[in-house]
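*Asks:* The structure's right below; bear with me while I get my questions together.
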Amino acid sequence: MDATAYYQLGQVFRPAAPVDELRLFAGRKQQLAAVIDAVTQPGRHAIIYGERGVGKTSLASIIREYLSSFGQGGVVAVKITTDGTDDFSSIWHKVFGQLQSVSTQQGLGFGAPKKSVAVPLSATLPEKVRPDDVRTLLVQASAKARIIVIIDEFDRAALHASALIADTIKTLSDQATNAVVIIVGVADTVGTLIAEHESIERALAQIQMPRMSDAELLEIVQRGFGEVGYTITAPAQNRIVQLSQGLPHYTHLVALHSGRAAAKNDRNAIDMLDVAEGIQTAVANTQESIRSLHHRAVMSPRRDNLYREVVLACALARTDSLGYFQASDVRDPLSIIVGRRFEIPAFSRHLSELCETQRGQMLTKIGSSRRFRYRFRNPLVQPFTIMDGLASGNLDDKKLETLRETHTVPAE
């Protein structure tokens with residue numbers, strides 16, 4: 001086994017952590033330009049929003065290095081992650097806990113030299129923080145360097161924090177403070193992530209993160225394997241891209257295990273057999289919460305039940321830009337998977353039940369009767385479902401080719 005390459009592959013393909021090195025960051029040129037534009041303009045701030053797993057945190061994480069690479073010195077970036085216990089005050093205590101002020105104090109004893117003491121700025125914050133407290137401290141902290149504050153997973157914070165964040169951004173923008181706030185969170189629209197956003201639209205760059213294009217996912221694969229001196233065949237890299245369904249998490253996951261399949265056999269050229277083994281390993285190593293949700297959705301005491309096939313067909317269905325599909329989009333994939341023609345009444349009950357608690361609420365639905373639109377509640381379940389279909393034999397190359405011919409799935 002090539003132990004060095006085995007280790008290096010884990011450094012370049014990182015399904016469990018955001019990319020935080022510019023050399024490993026791929027794609028997202030339009031979104032990156034929008035963030036840089038906000039960061040470099042006085043009074044501008046940014047909000048990055050989209051589905052879970054599309055790479056929002058990775059984009060936010062490489063901003064400082066990107067600015068430094070263009071000679072924009074004097075930048076201090078602070079990144080925090082919120083959780084369900086956070087409110088407005090605790091968010092800013094976290095932020096200012098990472099920023100320090102340095103004071104000079106006289107040493108103890110006669111003639112002792114003076115010494116510098118670093119104190120976190122959070123020590124000067126009141127327990128209950130107001131937007132003006134934030135502005136005052138950011139003015140102090142940004143006297144010598146531009147401050148970039150990245151608040152990640154903001155959707156998990158307390159609801160009432162949202163309006164106060166909007167007030168803070170408005171205050172910072174009106175005063176042209178030398179600081180930028182970047183809000184990052186899971187949302188379909190800005191309005192579901194930050195309240196009263198209309199009052200700060202002039203100051204807020206709204207950056208939606210759609211699923212990645214095939215070209216961007218291909219760049220991840222090629223750049224990653226290039227870093228470790230590996231090559232990959234066109235069919236193999238295209239299979240990884242196809243399975244990812246626009247979500248870079250799965251590109252990293254399958255590429256990692258495909259590369260390691262080759263490394264275990266002392267090879268540096270990856271082919272379809274390595275990807276097949278990588279898929280098997282990826283399915284086994286997917287987060288337990290995702291595997292459990294999938295199992296709950298498809299389990300049934302009846303061997304002739306259709307739940308597994310319907311879920312797989314949903315994962316392969318055509319969707320709109322927000323990931324929604326109709327029952328009619330499921331019909332052709334289901335017919336190809338099972339091998340006989342299905343009409344909507346034969347599986348409409350399954351779609352409804354997949355939205356219920358008994359089956360883990362795998363899907364959510366909007367709209368009215370006969371016009372319902374469905375979407376995977378957790379987008380990371382969708383690529384897992386396709387990989388599970390390949391690993392279990394419910395999906396094979398012949399069926400994928402038929403699906404491509406009907407334009408249901410992207411071509412490899």
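The values are calculated or read from the model by the stated rules, or taken from the named source; none is laboratory data. Just so it is clear, the model here is predicted, and its values are computed rather than measured. Cβ atoms come from the backbone with ideal geometry, glycine included; neighbour counts cover every protein chain shown.
*Asks:* For residues in the range 196-235 being under 25 Å from the mean Cα position of the chain (by Cα) and among the basic types (K, R), which is farthest from V19 (Cα to Cα)?
*Replies:* R211
*Asks:* Another question about this same structure. Looking only at the range 127-186, count every residue that is of a type in the set (K, R), within 20 Å of Y49 (Cβ to Cβ) and in contact (Cβ under 8 Å) with a residue 60 or more places away in the chain and tell me the total. Let's see the steps before the verdict.
*Replies:* In the first step, residues of the range 127-186 are kept if they are of a type in the set (K, R); the result is 128, 130, 135, 144, 146, 156, 170.
Filter again for within 20 Å of Y49 (Cβ to Cβ), leaving 156, 170.
Checking the rest, the ones that are also in contact (Cβ under 8 Å) with a residue 60 or more places away in the chain come to 156.
So the answer is 1.
*Asks:* Please work out which residue is modelled with the highest pLDDT, limiting yourself to the range 366-412 and to residues that are assigned to a helix (DSSP H, G or I) and either touching a Gly at 6+ places or on another chain (Cβ under 6 Å) or among the charged types (D, E, K, R) (or both). If you could, list the steps in order and put the result at the bottom.
*Replies:* The first filter runs over the range 366-412 and keeps only residues assigned to a helix (DSSP H, G or I), leaving 381-392, 397-405.
This time we only want the ones that are either touching a Gly at 6+ places or on another chain (Cβ under 6 Å) or among the charged types (D, E, K, R) (or both), so: 388, 397-399, 401, 404-405.
Numbers: D388: 92, D397: 85, K398: 89, K399: 89, E401: 84, R404: 78, E405: 76.
Filtering first and then ranking leaves D388.
*Asks:* L217 - would you say it is outside the structural domain of S90 (by TED's automatic domain parsing) and among the hydrophobic types (A, V, I, L, M, F, W, C)? Working first, answer last.
*Replies:* Working: outside the structural domain of S90 (by TED's automatic domain parsing): yes; among the hydrophobic types (A, V, I, L, M, F, W, C): yes.
When the stated conditions are applied, L217 passes them.
*Asks:* Let me ask another. Could you tell me whether Q280 is farther than 16 Å from R14 by Cα, surrounded by fewer than 23 Cβ atoms within 10 Å (Cβ to Cβ) and under 21 Å from the mean Cα position of the chain (by Cα)? Show your work before the answer.
*Replies:* On the way: farther than 16 Å from R14 by Cα: yes; surrounded by fewer than 23 Cβ atoms within 10 Å (Cβ to Cβ): yes; under 21 Å from the mean Cα position of the chain (by Cα): no.
When the stated conditions are applied, Q280 does not pass them.
*Asks:* Within the range 257-268, identify whether any single residue is buried (at least 21 other Cβ atoms within 10 Å of the Cβ), among the hydroxyl-bearing types (S, T, Y) and in a helix (DSSP H, G or I), and answer yes or no.
*Replies:* Here is the first cut: in the range 257-268, the residues buried (at least 21 other Cβ atoms within 10 Å of the Cβ) are 257-263.
Narrowing further to those that are among the hydroxyl-bearing types (S, T, Y): 258.
The next check asks that each one be in a helix (DSSP H, G or I); those that pass are 258.
Yes, the range 257-268 contains at least one residue that is buried (at least 21 other Cβ atoms within 10 Å of the Cβ), among the hydroxyl-bearing types (S, T, Y) and in a helix (DSSP H, G or I).
*Asks:* Hey, could you check the range 298-324 for residues that are among the basic types (K, R) and in contact with an Asp or Glu (Cβ under 9 Å, 6 or more places away or on another chain) and say which is modelled with the highest pLDDT? So that I can check it myself, show each step before the final result.
*Replies:* Of the range 298-324, the ones among the basic types (K, R) are 302-303, 308, 318.
Then keep just the ones that are in contact with an Asp or Glu (Cβ under 9 Å, 6 or more places away or on another chain); that gives 308, 318.
On the way: R308: 94, R318: 90.
In this case the residue turns out to be R308.
*Asks:* Still on this structure: Looking at the range 164-195, which of its residues are on the phi < 0 side of the Ramachandran plot, over 24 Å from the mean Cα position of the chain (by Cα) and surrounded by fewer than 17 Cβ atoms within 10 Å (Cβ to Cβ)?
*Replies:* Within the range 164-195, D174, Q175 qualify.
*Asks:* What number goes with the only condition from (1) in a loop (DSSP other than H, G, I, E, B); (2) modelled with pLDDT of 90 or more; (3) not small (G, A, S) that T136 does not pass?
*Replies:* Unmet for T136, out of (1) in a loop (DSSP other than H, G, I, E, B); (2) modelled with pLDDT of 90 or more; (3) not small (G, A, S): (1).
*Asks:* If you don't mind, another one. Would you be able to say whether some residue in the range 208-219 is over 29 Å from L159 (Cβ atoms), touching an Asp or Glu at 6+ places or on another chain (Cβ under 8 Å) and assigned to a helix (DSSP H, G or I)? Lay out the reasoning, then the answer.
*Replies:* Just the residues of the range 208-219 that are over 29 Å from L159 (Cβ atoms), to begin with: 212-219.
Now restrict to residues that are touching an Asp or Glu at 6+ places or on another chain (Cβ under 8 Å): none.
Among the residues of the range 208-219, not one is over 29 Å from L159 (Cβ atoms), touching an Asp or Glu at 6+ places or on another chain (Cβ under 8 Å) and assigned to a helix (DSSP H, G or I), which makes the answer no.
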